[in-house]
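The next block holds one structure in the form of structure tokens; read it before the comments.
The values are calculated or read from the model by the stated rules, or taken from the named source; none is laboratory data. Being a predicted model, the structure only gives us computed values, none of them experimental. Note: ideal-geometry Cβ built from the backbone for every residue, glycine included; neighbour counts use all protein chains shown. Just the protein is used for accessible areas: all its heavy atoms, side chains included, with ligands, DNA and RNA removed. Shrake-Rupley method; radii C 1.70, N 1.55, O 1.52, S 1.80 Å.
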Amino acid sequence: MSMIDLRSDTVTRPSNEMLEFMTQVAVGDDVFGEDPTVIRLESLIADMCAMDAAVFTPSGTQSNLIGIMAHCQRGDEYIVGQTAHTYMWEGGGAAVLGSIQPQPLDFENDGTLDLNKIDLAIKPIDDHHARTKLVCLENTTSGKVLPLDYLENFSKFCKEKGLASHLDGARVFNAAIQNESGIDEICKHFDSVSICLSKGLGAPVGSILCGSRELIREARHWRKMLGGGMRQAGYLAAAGIYALHNNIERLAEDHRNAKYLATELTKIDEIDVDISSVQTNMLFITVKNGYNELRNTLFNKGIVLPKSPNKNGKIRLVTHLDITASNVNRVVQEVKQFYSMKVYAGAE
């Protein structure tokens, strides 16, 4: 039985067409800069982002890390969201491996960082302080898309303050689809952008860091030091090429499925849905009663939910290319049936 896995868009599997494409490409030693398919991928996505150069990495965590380390030196500081992936979910790599101090700030409700709060967080030029060098944003943030007018103001602010800017754009193509814009309309506001190929785009592995030629040259040095140099990586890069050519426009389908799922779940009294925040492929629900029973029941029927709510009591559900509209309909029907039967603990 094929599972309907709503935990994340990282659970996608390469299609047969993607796998076939991966076997047909020419490869070489990428550490020597000789893999033609890696070069093709890096050139393709740099052009899409309207940036000078790019480097292929095994993971988004490494792509973000080498980006931060290319911008900053030991003892420098980067400003970042309190719950941002680069700060909260990447093992503290910038601090541990780069000796770069994070200065976290709370996100606003729309996923932005308030420019006035960033301004207050910038350290004075003084030997007592770390040197503030970089600001990191995230797009999307919990599925929410950063407004283009905010990005324009953010870019101007960074230039005025002499700060570099980095975007954790793991799902930046979702943002571009929602904005009905090219990805370059987002990337032009940043000095570097990290893009994940293995989430909604459906590649099995890999991320890309884009930026200036000088920055990417420095990032390659850090990639090698961190163990990210791969040999015949073209087979993996080919999956990214296939994804970029075939799996971007279809992200709109994931967005529709997420909105439909959210809308239908609002009709169930035992579930609260933050429907106003559903912009792309993520929704957050609060299950009032019986979540463990619900999860176990659905798992036995081939539907996978997160193990437990987050600290705020919310459960993240994510649609992706391995989930169809009919799959979503089935999830809705099974959840409705569960609560209509009142099989959860404590029910009358």
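Those residues that are among the aromatic types (F, W, Y) and assigned to a strand (DSSP E or B), I need them from the stretch 279-305; list them, please.
F284
Looking at A176, A164, can you tell me which residue is more than 11 Å from the chain's Cα centre (by Cα), closer than 17 Å to D254 by Cβ and crowded, with 20+ Cβ neighbours inside 10 Å?
After applying the criteria, what remains is A176.
Would you pick out the residues in the stretch 61-74 that are of a type outside the set (A, V, I, L, M) and closer than 10 Å to K133 by Cβ?
Within the stretch 61-74, H71, C72, Q73 qualify.
Can you tell me which residues in the stretch 274-304 are surrounded by 21 or more Cβ atoms within 10 Å (Cβ to Cβ), touching a helix residue (DSSP H, G or I) at 6+ places or on another chain (Cβ under 6 Å) and more than 21 Å from T10 (Cα to Cα)?
Once the filter is applied, which keeps residues that are surrounded by 21 or more Cβ atoms within 10 Å (Cβ to Cβ), touching a helix residue (DSSP H, G or I) at 6+ places or on another chain (Cβ under 6 Å) and more than 21 Å from T10 (Cα to Cα), the stretch 274-304 yields only L294.
List pairs: first in the stretch 25-52 and under 20 Å from G169 (Cβ atoms), second open to solvent by 60 Å² or more (accessible area, probe 1.4 Å) and not in a helix (DSSP H, G or I), Cβ under 8 Å, 6+ apart or cross-chain?
Short answer, once both residue conditions are applied: A46/D52; A50/K188.
Just the residues that are β-branched (V, I, T) and either part of a loop (DSSP other than H, G, I, E, B) or in contact with a Lys or Arg (Cβ under 6 Å, 6 or more places away or on another chain) (or both), please, taken from the stretch 253-272.
Within the stretch 253-272, T266, I268 meet the criteria.
Could you tell me how many of the residues in the stretch 313-326 are crowded, with 20+ Cβ neighbours inside 10 Å and assigned to a helix (DSSP H, G or I)?
Count: 0.
So in the stretch 229-246, with the set limited to residues that are in contact with a strand residue (DSSP E or B) (Cβ under 9 Å, 6 or more places away or on another chain) and open to solvent by 10 Å² or more (accessible area, probe 1.4 Å), which one is modelled with the lowest pLDDT?
M230
Considering each of S308, S276 in turn, give the residue that is without any contact (Cβ under 8 Å) to a residue 24 or more places away in the chain and part of a helix (DSSP H, G or I).
None of the other options fit; the residue is S276.
Residues that are in contact with a Phe, Trp or Tyr (Cβ under 7 Å, 6 or more places away or on another chain) and either open to solvent by 40 Å² or more (accessible area, probe 1.4 Å) or not aliphatic (A, V, I, L, M) (or both), at least 2 per element: which strands (runs of 3 or more DSSP E) completely within the stretch 1-118 meet that?
It comes to 101-105.
I125 versus (1) touching a helix residue (DSSP H, G or I) at 6+ places or on another chain (Cβ under 7 Å); (2) among the aliphatic types (A, V, I, L, M); (3) at pLDDT below 95: which is the lone unmet condition?
(1)
Please list, ordered by residue number, the helices (runs of 4 or more DSSP H) wholly in the stretch 161-252 having 2 or more residues that are of a type in the set (S, T, N, Q) and in contact with a helix residue (DSSP H, G or I) (Cβ under 8 Å, 6 or more places away or on another chain).
The helices (runs of 4 or more DSSP H) meeting that bar are 172-179.
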